[in-house]
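What follows is a set of notes on a single structure, which appears directly below.
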Amino acid sequence: MSYDAIVFDIDGTLWDARESITAGWNLAIEELTGVPGTLESETFGQLFGKPLDVLIDFAFPGVPPERKAVLGDYCLRRENEVLLERPGTLYPGVEETLEKLMARYPLFIVSNCGKGYIEAMLQGTGLSRYFCSWLCYADTNAPKDVTLGALKKQCRLKNPVYVGDIQADADACAKAGVDIIYAAYGFGTIQRPAATIHRFPDLLTLDLLWRWYDAPI
């Protein structure tokens, strides 16, 4: 059965925004506590793709559960503001590849991010026109597998394929009944993906995506 859509992760798949995101969180920490934030992008970036509670626990050790929502909202707002000023770095060939992919597939985004993050990414990079729709954790308040399922239902997709870079993406896809293409240039590893790409433009020559057509783009 052929795929009827491609769904993308963001961090480690479309771009690397670790520096800007970490800067936003450090700014929020200083404003909330009066002490300069000391988060480092290399370590903090390893948490990207995980639920917001995990990031809050790392940034604010020992914070009471009832404070997490308020802290999270503030940090995400600061994060998005910084991203609009200093967008992350798109991986080589992303826009050119999306341009070609959209001629054959509807394109979507599903992320574990907070409110406004996808919009900030799309606005900062100018990629909005390539995507039909998107959903994130803030839309469903549920794990990525549930968000994937919600996107499938909302957009009437029968067999999408997901592009992601960490095992948590693969686990979510397995629960949602969605194949995953592993972006090996990203932040993590994936066991037993349906296919692997080492550069974003590899999607244009991947047999998994084009065997149902007479020829690839």
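LEU209 meets the conditions (1) more than 18 Å from SER111 (Cα to Cα); (2) open to solvent by less than 20 Å² (accessible area, probe 1.4 Å); (3) free of Cβ contacts under 8 Å to residues at least 40 places away in the same chain in every case but one. The failed one is (3). If you go through segment 128-140 and pick out every residue that is in a helix (DSSP H, G or I), farther than 18 Å from GLY114 by Cβ, in contact with a strand residue (DSSP E or B) (Cβ under 8 Å, 6 or more places away or on another chain) and open to solvent by 40 Å² or more (accessible area, probe 1.4 Å), you end up with 0. Considering only residues that are assigned to a helix (DSSP H, G or I) and either buried (at least 19 other Cβ atoms within 10 Å of the Cβ) or among the polar types (S, T, N, Q) (or both), which ones fall in segment 102-121? Those that are assigned to a helix (DSSP H, G or I) and either buried (at least 19 other Cβ atoms within 10 Å of the Cβ) or among the polar types (S, T, N, Q) (or both): TYR117, ILE118, ALA120, MET121.
Every residue, every condition in (1) touching a residue at least 60 places away in the same chain (Cβ under 8 Å); (2) touching an Asp or Glu at 6+ places or on another chain (Cβ under 9 Å); (3) not acidic (Asp, Glu), yes or no:
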residue	(1), (2), (3)
CYS155	yes, no, yes
PRO160	yes, yes, yes
ASP165	yes, yes, no
ALA170	no, no, yes
TYR185	yes, yes, yes
ALA194	no, yes, yes
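Just to be sure before I move on: is GLY88 touching a strand residue (DSSP E or B) at 6+ places or on another chain (Cβ under 7 Å) and touching a residue at least 40 places away in the same chain (Cβ under 8 Å) in the structure I sent? Here the answer is yes, as GLY88 does meet what is asked. Out of everything in segment 91-100 that is under 17 Å from the mean Cα position of the chain (by Cα) and open to solvent by 50 Å² or more (accessible area, probe 1.4 Å), what residue ends up being farthest from GLY116 (Cα to Cα)? Looking at the filtered set, the residue picked out is PRO92. Within segment 141-161, the residues that satisfy the criterion of being in contact with a strand residue (DSSP E or B) (Cβ under 8 Å, 6 or more places away or on another chain) and either charged (D, E, K, R) or closer than 17 Å to PHE48 by Cα (or both) are LYS144, THR147, LYS152. When each of GLY24, GLY37 is tested for being outside any helix (DSSP H, G or I) and under 14 Å from CYS75 (Cα atoms), the lone residue that passes is GLY37.
Is at least one residue of segment 37-47 of a type in the set (A, V, I, L, M), open to solvent by 60 Å² or more (accessible area, probe 1.4 Å) and at pLDDT 90 or above? Checking segment 37-47: not a single residue is of a type in the set (A, V, I, L, M), open to solvent by 60 Å² or more (accessible area, probe 1.4 Å) and at pLDDT 90 or above.
Identify the single condition in (1) out of contact with any Leu (no Cβ under 9 Å at 6 or more places or on another chain); (2) open to solvent by 20 Å² or more (accessible area, probe 1.4 Å); (3) closer than 28 Å to ALA23 by Cα that ASP171 does not satisfy, given that it satisfies every other one. The single condition ASP171 does not satisfy is (3).
Looking only at residues in segment 141-162 that are assigned to a loop (DSSP other than H, G, I, E, B) and modelled with pLDDT of 95 or more, which one is surrounded by the most Cβ atoms within 10 Å (Cβ to Cβ)? Of everything passing the filter in segment 141-162, LEU157 is surrounded by the most Cβ atoms within 10 Å (Cβ to Cβ).
When GLY49 is tested against (1) part of a loop (DSSP other than H, G, I, E, B); (2) out of contact with any Asp or Glu (no Cβ under 7 Å at 6 or more places or on another chain), just one condition goes unmet, and that condition is (2).
Mind listing whichever residues of segment 55-69 are part of a helix (DSSP H, G or I), under 15 Å from THR33 (Cα atoms) and among the small types (Gly, Ala, Ser)? Selection gives ALA59 alone.
The values are calculated or read from the model by the stated rules, or taken from the named source; none is laboratory data. Keep in mind the model is a prediction, meaning the values are calculated, not measured. Neighbour counts are summed over all protein chains in view; Cβ atoms, including those assigned to glycine, are modelled from backbone coordinates with ideal geometry. Each accessible area value is taken on the protein alone, full model and side chains, heavy atoms only, with ligands, DNA and RNA left out. Shrake-Rupley method; radii C 1.70, N 1.55, O 1.52, S 1.80 Å.
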